[in-house]
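All remarks here apply to the structure that follows.
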Amino acid sequence: VAPGEYVVQAATADRTGPSANVAVAHQFASAVVTGTGYEPPPLQLKLSLGATLMGGVIFEGTPSPPMYTGVALTTLPVDFGDPLNGGSSIGFTLSRDNTFEYRGIFGRSLLIAEPKDPAWYVKSITYQGQDLADTPFDFGSTEFFRDIEVVVSAAAAAVTGRVTDDRAAPV
């Protein structure tokens, strides 16, 4: 191996979770290895099932969510690409009661919520008061994160205005 730093990753194939409503990703392990030009010592990687995310979606401004709408939830790793999908994101779905559980999240990831109806927007994604909407969060490799709250709303603000030139004439 040429001198330098390398990231060694190992992963298993997909497996079915204990419940059809619980998505389970690959088991995964990674380690940083420094190559010195000589044969490196043996490397031992311990696979992990990853962190578990659990929570719910709240539809703000309506007593019950519209039947036609839903929210697509995705995690996107930010440090290392997903070794089996070339860096693609991992998605999971809501249960009928608008809760979710997903197993197999590793390290710093973005949690992304996308309403399926364009009239709705993501107002917030929080965990224990911490904003997860636009900031990567370190989910580790074995932790449980309960009570993640995704709030979507149909009461979006509107921005209006007009464009003028330097003489205040409409453009």
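Side notes on the structure shown:
- Top-ranked residue of the range 88-134 - restricted to ones that are charged (D, E, K, R) and under 15 Å from Phe145 (Cβ atoms), ranked as least open to solvent (accessible area, probe 1.4 Å): Glu101
- Cβ-Cβ under 9 Å pairs, at least 6 apart or on other chains, the range 111-132 side free of Cβ contacts under 8 Å to residues at least 12 places away in the same chain, far side of a type in the set (Phe, Trp, Tyr) and open to solvent by 20 Å² or more (accessible area, probe 1.4 Å): Gln130/Phe137
- Pro66 meets all of the listed conditions (1) at pLDDT below 80; (2) crowded, with 17+ Cβ neighbours inside 10 Å; (3) out of contact with any Gly (no Cβ under 8 Å at 6 or more places or on another chain) but one, namely (2).
- Among (1) open to solvent by 50 Å² or more (accessible area, probe 1.4 Å); (2) at pLDDT 75 or above, the one test that Ser48 misses: (1)
- Only residues that are surrounded by 10 or more Cβ atoms within 10 Å (Cβ to Cβ) and either more than 30 Å from Leu94 (Cα to Cα) or at pLDDT 85 or above (or both) were counted across the range 155-171, and they come to 1.
- Boolean, Arg146 is open to solvent by 80 Å² or more (accessible area, probe 1.4 Å), closer than 17 Å to Leu73 by Cα and part of a strand (DSSP E or B): yes
The values are calculated or read from the model by the stated rules, or taken from the named source; none is laboratory data. Treat the numbers as computed from the prediction; the structure is a model and nothing was measured. Please note: Cβ atoms are built from the backbone with ideal geometry, for glycine as well, and neighbour counts cover all protein chains shown. All accessible areas refer to the heavy atoms of the entire protein, side chains included, with ligands and DNA or RNA removed. Shrake-Rupley method; radii C 1.70, N 1.55, O 1.52, S 1.80 Å.
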